[in-house]
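Notes for the one structure printed next.
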Amino acid sequence: MSSLPLPEKVNVLLIGAGGREHAIAWRLSQSTHLKKLWVDPNANAGLLALGTACPEEFSLKRKYYLERWLVQENIGFIIIGPEGPLADGMVDALATPERPIFGPTKAAARLEWDKAYAKTIMRQTSIPTPEGRVCTTLGAALAYVTERDEPCVVKATGLCAGKGVTVCKDKHEAIAAVRKCMESKEFGDAGTSVVIEERLEGQEVSVLALVDGRTITVLDTCQDHKQVGEGDTGPNTGGMGAFCPTPLLSDADLQSVARDVFVPAVDGLRRQGIEFRGVLFAGLMLTHAGPKVLEFNCRFGDPETQVLMARFQGDLLKTLWLTATGRLADAEFSFDPRTACCVVVCSEGYPGEIEKGHLITGLVPIDKSNNSGDRWMFQGSTKLEKLKKIVTNGGRVVGATCLGSSVQEASKSATEFAKTVGFSGAFHRSDIGQRTIICPKLTI
Ligand code: AMP
Ligand code: GLY
């Protein structure tokens, strides 16, 4: 597959159905290399305006059908958005020498789907990460949290759609979190073992890098806002909004992160005979002792991708193809110097129980030629119904994303833009992008 030339025109299949994929699909649509874009059968209304839905669920349970369909439709490139298909081994199952896939193999994606494995790799390669222990039995986990005096964080080791982490303020919470994972099995097999970590304090940043096995290109840094409430309060969510770039890391800081985090991670995998190709995402906490890795993801983040794509300049299809085929060094792209901010409009009750099916008003459609604008509504959990009605279909409904000359300006515009989306029970945070104003820059 290495150095397979990008065809003049190629049919692309994009797997994933949310805001991240809408932003990716929009940039793919602008590529002169795109012939036809196929999207997920469950795609949101925004994606359906840019591509054609596959006729059937894209699941490996139907591998033989899928392979036939890919050949029949002459699909030349597949891009995988979410972690689930990566953890299931979709890349291993469907990539061929003529049909590359953007995304890591199951073995490489283990950095995300097995937090215990990620911790081991980080320890072996001296990547800075919170001190912690992996416990595989309830007894060992309870004994460990009971004997610790400092606050800790309990993490189910498997994939839990962002819900398997409990940041605990005391022993009682830690014991309850361990029991939730290992006794009541709230996260199923994902909580069979847990990672128990020291609880750190600091600002969080998301650093994403394209990796083609050897070459690593670190992208501009984003800041996500994980907690549901204003001023970072309430339970964690998938992300209530983000901005990019963040002034918290200078170019020199980013180079240190590349050297101390990304190079050892990719190299650590390679020593085990595993090549990482795709996007590697390090969730960092900036502590007084320098940045520490809280987690690795093996895919684009959401909402991080919405702000990254708003600023991306270049041919995304070509960039992802060159990454997937081992020639990232040939990719040419840059980022708009302005700051992008995304404010996510959510359904009442999120991240808990929500109601679906509410009519959405004020949606601004994104067409592929909307390349020079400064505001986009990326759709997350939306659904196209009969008579072109668009309704809510989940927790995070729309990412109102704007460019501005500063974080403050982008934040102000995106917050105003978010107010123009309406549906029963809609809410959003009004302080996305505000926290850098009160936080000093960290130099490492
Ligand atoms: P993770 O999925 O491991 O990134 O954890 C989800 C969220 O939990 C992070 O974005 C942090 O806000 C928080 N978190 C995770 N690990 C720690 C830690 N060691 N100390 C403090 N907060 C943490
Ligand atoms: N925004 C965090 C994530 O995508 O996991």
Express in nm, to one decimal, how much length is gained between Tyr117 and Glu198 on full extension, taking 0.36 nm for each residue of separation and deducting their alpha carbon distance.
-> 27.4 nm
When you count, for each residue, the other Cβ atoms within 10 Å and take the mean per peptide, how do 248-254, 395-401 rank with the highest first?
-> 395-401, 248-254
Distance between modelled label sites at Lys169 and Asn236, nm, 7 Å Cα→Cβ extension = 1.8 nm
Pull out the extension gain between Lys185 and Asp251, defined as 0.36 nm times the separation in residues minus the alpha carbon to alpha carbon distance; nm, one decimal.
-> 19.4 nm
Proxy reagent accessibility, fewest Cβ within 10 Å first, across Tyr144, Tyr64 | Tyr64, Tyr144
If you take the square roots of the eigenvalues of the alpha-carbon gyration tensor of the range 174-218 and sort them as a ≥ b ≥ c, do you get rounded (a/c under 1.5), prolate (a/b over b/c) or oblate?
-> oblate
Once the Cα gyration tensor of the chain is found, what semi-axes does its equivalent ellipsoid get, as square roots of 5 times the eigenvalues, in whole Å, sorted largest first?
-> 31, 26, 23
From the phi of every residue in the range 422-432, what ³J(HN,Hα) in whole Hz does the Karplus formula 6.51 cos²θ - 1.76 cosθ + 1.60 yield, where θ is phi - 60° and glycine or proline is x?
-> x, 6, 4, x, 5, 8, 8, 7, 9, 10, 5
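Counting helices only, and only those DSSP H runs with n ≥ 4, report the 222 nm mean residue ellipticity of the chain as the sum of -39,500 (n - 2.57) divided by its residues, in deg cm²/dmol to the nearest 500.
Rounded to the nearest 500, the figure is -7500 deg cm²/dmol.
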Efficiency of FRET between Glu131 and Lys386 - r from beta-carbon atoms, R0 60 angstrom, step 0.05 = 0.60
Distance between modelled label sites at Ser372 and Thr96, nm, 7 Å Cα→Cβ extension | 4.2 nm
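What ranking do Arg99, Arg62, Arg259, Arg338 get, fewest neighbouring Cβ atoms within 10 angstrom at the top?
Values: Arg99 20, Arg62 13, Arg259 10, Arg338 16.
In increasing order of surrounding Cβ atoms, one gets Arg259, Arg62, Arg338, Arg99.
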Under a no-solvent Debye model with one identical scatterer per Cα of the range 155-237, what's log10 I(q)/I(0) at q = 0.16, 0.18, 0.26 Å⁻¹?
-> -0.80, -0.93, -1.23
How much length is gained on full extension from Leu359 to Ser406, taking 0.36 nm per residue of separation minus their Cα-Cα distance?
-> 13.6 nm
Sort the following peptides by mean Cβ neighbour count (other Cβ atoms within 10 Å, averaged over residues), highest first: 371-384, 223-236.
-> 371-384, 223-236
First check a/c for the range 269-345, with a ≥ b ≥ c the square roots of the eigenvalues of its C-alpha gyration tensor; if it is under 1.5, answer rounded, and if not, answer prolate when a/b is larger than b/c or oblate otherwise.
-> oblate
Top of Leu363, Leu210, Leu47 by mean-square fluctuation, Gaussian network on the chain, Cα under 10 Å | Leu363
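We did not get these values from a lab; they are worked out from the coordinates using the rules stated. This is a predicted model, so every value here is computed, not measured. Note: ideal-geometry Cβ built from the backbone for every residue, glycine included; neighbour counts use all protein chains shown.
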